[in-house]
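See below for the structure under consideration.
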Amino acid sequence: MASAHALNQGADGISGATEAGDRFGAGVAAGDFTGTSSTGLAIGAPGENSGDGTVVHVDADGTGVFIGPAAAGTPADGGLGTVLAP
């Protein structure tokens, strides 16, 4: 591995506050999710908002965007972000 970088909710370009039980990083996948030929990360936090879950997409420039259950079409208490795949 040439280098490593830790990403944290509430820092590193990822908004929000770390809360007990969020499980930020429980699921992680890398890929070109935007069709721009650059690799980004999808980071799951299945415990976010009392178990509704969320996925944070971190683009190559380091900007994090939250994708919650409403945008993803998942049910409340569905644990969005538990398992991710490119």
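Data for the structure
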read-out	value
Test: residue in region 66-81 that is under 14 Å from Phe24 (Cα atoms) and exposed (fewer than 15 other Cβ atoms within 10 Å of the Cβ)	no
Residue, nearest to the chain's Cα centre (by Cα), within region 53-86, restricted to residues that are part of a loop (DSSP other than H, G, I, E, B) and closer than 20 Å to Asp12 by Cβ	Gly81
Output for region 4-59, where each listed residue is surrounded by 15 or more Cβ atoms within 10 Å (Cβ to Cβ), small (Gly, Ala, Ser) and closer than 18 Å to Ala85 by Cβ	Gly25, Ala26, Gly27, Ala29, Gly40, Ala42, Gly44, Ala45, Gly53
Hey, Asn8 free of Cβ contacts under 8 Å to residues at least 24 places away in the same chain and under 12 Å from the mean Cα position of the chain (by Cα) or not	yes
Unique residue being among the β-branched types (Val, Ile, Thr) and free of Cβ contacts under 8 Å to residues at least 24 places away in the same chain when the list is Thr82, Thr34, Thr74	Thr74
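No value in this document is a laboratory result; all are computed from the given coordinates. Everything numeric in this text was worked out from a predicted model, so none of it was measured. Positions of Cβ are generated from backbone atoms using ideal geometry, with glycine treated the same way; all protein chains shown enter the neighbour counts.
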